[in-house]
1. Output the antiparallel fraction of DSSP beta bridges having both residues in the chain, as a percent to the nearest 5.
2. Roughly how many debye, to the nearest 20, is the charge dipole of the chain about its Cα centre, given +1 on each Lys and Arg Cβ, -1 on each Asp and Glu Cβ, and no other charges?
3. Taking a quarter of the surface of the Cα convex hull of segment 201-303, what do you get in nm²?
4. Using the Cα centre as the reference, give the magnitude of the dipole from point charges on the C-beta atoms of segment 365-443 (Lys, Arg: +1; Asp, Glu: -1; all else neutral), rounded to the nearest 20 debye.
5. Would you calculate the separation in nanometres between label points at V502 and S95, each defined as 7 Å from the Cα along the Cα-to-beta-carbon direction?
6. Between 0 and 90 degrees, rounded to the nearest ten: what's the tilt of helix 2-16 against the longest Cα principal axis of the chain?
7. Expressed as an acute angle from 0 to 90° and rounded to the nearest 10, what is the orientation of the C-alpha long axis of helix 380-391 relative to the principal long axis of the chain?
8. Mind listing which GluC sites (Glu not before Pro) in segment 156-220 are in a DSSP loop and have 12 or fewer other Cβ atoms within 10 Å?
Amino acid sequence: MSCLIKFLALLITASMITTAAFAHGSKDDIVTVPRGAEDGDLTIEPGTYRIKKGMFRSVEYEADRGTLVVLENRSDPDSRLIALPVIQIPASSDSPAEPIFWLTGGPGQSNMKFSHLKGLIENHDIVMIGYRGVDGSSVLHCPEVENALKGVGKDLFGEVSAAAIGDAFSKCAERLQNEGADLDGYTITEVVEDMEAARIALGYDRINLLSGSYGTRVAMIYMWTYPESLHRVAMIAVNPPGHFVWEPDIVDKQLEYDTELCAKDPECNTRTSDLAETMRYVAHDMPRRWTFLPIDPDKVKVTTHFMLYHRGNAAAVYDAYISAEKGDPSGLVLMSLMYNLMVQSSTVWGDWASKGISDYDPTRDYITEMNPPDSILGSPLSIFGGIVAKYGHWPTKPLPLEFQQVQPSDVETLLVNGSIDYSTPQESIDEFLPFLTNSRLVILSEFGHTGDVWGLQPEATVHLLTGFYDTGAADDSLFAYQPMNFHVGFGLPEMAKLGLAVLAVITIGLGFAVWLIIRKIRRRRA
């Protein structure tokens, strides 16, 4: 039974989650420290880089692939060396402009995947440097955490379950240290130093940065530390200091904004008179099962928060909640099961802990504060960091104080955000923008997180970026207004019912087969 439902959940997740959030480094990117290597050494040789275009087609580019050797902890002169993969895809132009260094989101995601080359590769080398802790010779995998994230009992964030998750982080940190990892070396500042070391080793004078989500935090610290190394910086889904924590009031504000959009949508407004109140009602009084299948409200809320990042997924979430309010919680069952697929193995948890909890204040009670009784949904994803802060121990040194707050910069910067981005809401930019003396801002109406920016109108996005890198202008004229679409069609409730129907058919078929076998055996005995 559970295998079938999980299989259906996997199919749904694969088709709906358009973000590259789950990508880890491929086998081609696994590297080791060469014998006799020293800090800063770069070895590189001709190769290829392949981008998949659907299930049966791919595009291959000539690319130089290699290894960058760096100290694990630059503050320790006796630190061991680690190796990071490098991919350099040369521009098709004979006289290219400054290269573009890619900085993906996370933390905990591989930086060795970038599929939006068309338009950018014509005039710029594209360079990917592996993220320490995720790519290369030292990966902070935490199977202890992945197992603990299944939860204990019926509530993922219950006292026993939360303590088990915190303890799993502590045990993972202890094991990694016993295996030789210096966790003090896995900070965002060290990632920046890796990028600067790669720039020097590759022989570039100045570079451009193209960053998304967590990658924008890396880009910020880079521009504050090495402004002379940078030409222009583009940030998609901006995440300034402090915003690895999602505050409940900001999440609620986003839900209220979507409620206004729902009221204008001819389909959505016929199904609910107030989307925010529908969400509040279901979130605060969630059923514990549908038929014989259990529902973990905490897992549903985490899945909800995560899926709200992108508008297509958000529409499916709203459809499931509206159906639940009307007495059909079948979609919530699937969301509860999808949690295991979306969260447990979605990231390298040791790297997430090393960088993600840097914004968490150990004096705050996040488990309580992130779930206030008057909130629509609370802030489920912030509770993870709160659990580690309260119950666990992850011994990574904190960021320097100057990087825990926004710094001024005159580097040419392009900021791009969606107006319905639940991961990096527009309030984040409002804090950051006053400190930039040479910036351009583009807000994309009714776009969500990075997947929407790259996926909804890709030609317009590439046109915006190429124009910025080549001239410094922010030409968003190719973007067309694309209203939020709440239509789902075959949604999560329908998927759950189909799964249950298939399960019933299989059960009946197996029962009939057993009956035939027993009948045949009895006839032989007779």
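1. 50
2. 3640
3. Details: hull surface 44.9 nm².
Reported value for the Cα convex hull: 11.2 nm².
4. Working: 3 positive and 10 negative charges, 60 e Å.
Dipole of segment 365-443, to the nearest 20 debye: 300 debye.
5. Modelled inter-label distance: 5.8 nm.
6. Long axis of 2-16 versus the principal axis of the chain: about 40 degrees.
7. The helix 380-391 is inclined about 80 degrees to the chain.
8. E179
FYI, it's all coordinate maths here, none of it is from the lab. Small disclaimer: the values here were computed from a predicted structure and weren't measured. Methodologically, a virtual Cβ is constructed for each residue, glycine included, from the backbone with ideal geometry; neighbour enumeration extends over all protein chains shown.
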